[in-house]
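Following: one structure in structure tokens, then a few remarks.
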Amino acid sequence: MTFPKTPQLIASCWTSAGNVAPLSTPETSPVPIQERVASMASTGWAGFGLAHDDLVAVRDTIGFPQLRRLSDDAGLNHIEVELLSNWWDDSRSREWRPHFDLLLDAAESLGASFIKVGTAIGDGLEDYSQFVEPLRLLAKEAADHGTRIALEPMAFSMVDSIPLAADLMRSVDMLECGLVVDYWHVFRHGTTHEELEQKLTVDQIFGVELNDADAEVRGTLFEDTRDHRRLCGEGDQDVTGFISTLQGIGFNGPWGVEILSDAHRALPVREALAVAHSTALSCFPY
């Protein structure tokens, strides 16, 4: 199998967001979207992700069509939008439905590769079957808007296991529904590279997010993921081994890079993007 000489890297939404973090109120970047796009283009990225509150800000200011033009002109051709939760609970549709409508609108206007969805923070479930039909409904609607649904298993959420999530995708059985495989959630859940090889198929992998961390968890799992991730290759995890594992499965990019930390947020955005890009590239085994 051959791979591109220089991997395409995607700045996942928090990597370019500046001094804002998950569960901020609101989760809106203080950095103008035009500056984020220019900074990503000048530091070598191939695309980017945006979170819901940033999409609201874009819609209400320059608009999605103008962002699409800016992105195309900058050569940022891979876009991801996120995050939808509570989608499995009809009783809460008044909460999540407007979010989903915005994400669908953004995805269609921006040509997004997928809409990322997650599940609620809490203990992982042993049976994911309750999510099969809701995911099918989301995926069908996404397909009508020219995009797909990508579920991200998270180590502190109801869907916490990549191997079980791979089985869930087999049950959903739709080309428009797949997974985002975030390395932080892989190793913090205790999933091995061998388990990924045994369970994942390349068609299930819609997105990958690279990052690193210390050997020991700092604070809660959520605090560790939000405040203490390390740049790729600067922590204690086997980032290169993870990349090689996914390449062995057949994944060929583009590769997301999701850096979340107090240290990353303290940097000027262009500097943060440059170091996140260079350290991620250094972990590729070629």
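What to note about this one:
- Helices (runs of 4 or more DSSP H) contained entirely in the range 228-286, each with at least 1 residues that are of a type in the set (Ser, Thr, Tyr) and surrounded by fewer than 18 Cβ atoms within 10 Å (Cβ to Cβ): 239-249, 269-281
- Out of 102, 125, 83, one residue alone is touching an Asp or Glu at 6+ places or on another chain (Cβ under 9 Å), farther than 25 Å from residue 253 by Cβ and surrounded by 14 or more Cβ atoms within 10 Å (Cβ to Cβ). It is 125.
Per-residue answers, yes or no, for (1) in contact with a helix residue (DSSP H, G or I) (Cβ under 6 Å, 6 or more places away or on another chain); (2) among the aromatic types (Phe, Trp, Tyr); (3) farther than 18 Å from residue 15 by Cβ:
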{"residue": "43", "(1), (2), (3)": "yes, no, no"}
{"residue": "47", "(1), (2), (3)": "no, no, no"}
{"residue": "68", "(1), (2), (3)": "yes, no, yes"}
{"residue": "73", "(1), (2), (3)": "no, no, yes"}
{"residue": "94", "(1), (2), (3)": "no, no, yes"}
{"residue": "120", "(1), (2), (3)": "no, no, yes"}
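- Among the residues listed as 141, 152, 108, the single one being touching a Leu at 6+ places or on another chain (Cβ under 8 Å) and surrounded by fewer than 20 Cβ atoms within 10 Å (Cβ to Cβ): 141
- The set of residues in the range 133-163 that are closer than 18 Å to residue 200 by Cβ and part of a helix (DSSP H, G or I) comprises 135, 162, 163.
- Matching residues, the range 86-99, being of a type in the set (S, T, N, Q) and either surrounded by fewer than 18 Cβ atoms within 10 Å (Cβ to Cβ) or more than 19 Å from the chain's Cα centre (by Cα) (or both): 91, 93
- Among all positions in the range 165-184, there is at least one residue which is in a helix (DSSP H, G or I) and touching a residue at least 60 places away in the same chain (Cβ under 8 Å).
- The single condition among (1) in contact with a Lys or Arg (Cβ under 8 Å, 6 or more places away or on another chain); (2) more than 13 Å from residue 184 (Cα to Cα) that residue 263 does not meet is (1).
- Candidates are the residues of the range 187-205 that are surrounded by 18 or more Cβ atoms within 10 Å (Cβ to Cβ) and in contact with an Asp or Glu (Cβ under 9 Å, 6 or more places away or on another chain); the one that is farthest from residue 122 (Cα to Cα) is 199.
- Screening residue 10 with (1) surrounded by fewer than 18 Cβ atoms within 10 Å (Cβ to Cβ); (2) closer than 19 Å to residue 73 by Cβ; (3) aliphatic (A, V, I, L, M) gives one miss only, at (1).
FYI, it's all coordinate maths here, none of it is from the lab. Treat the numbers as computed from the prediction; the structure is a model and nothing was measured. Here Cβ is always computed from backbone atoms with ideal geometry, including for glycine, and neighbour counts include all displayed protein chains.
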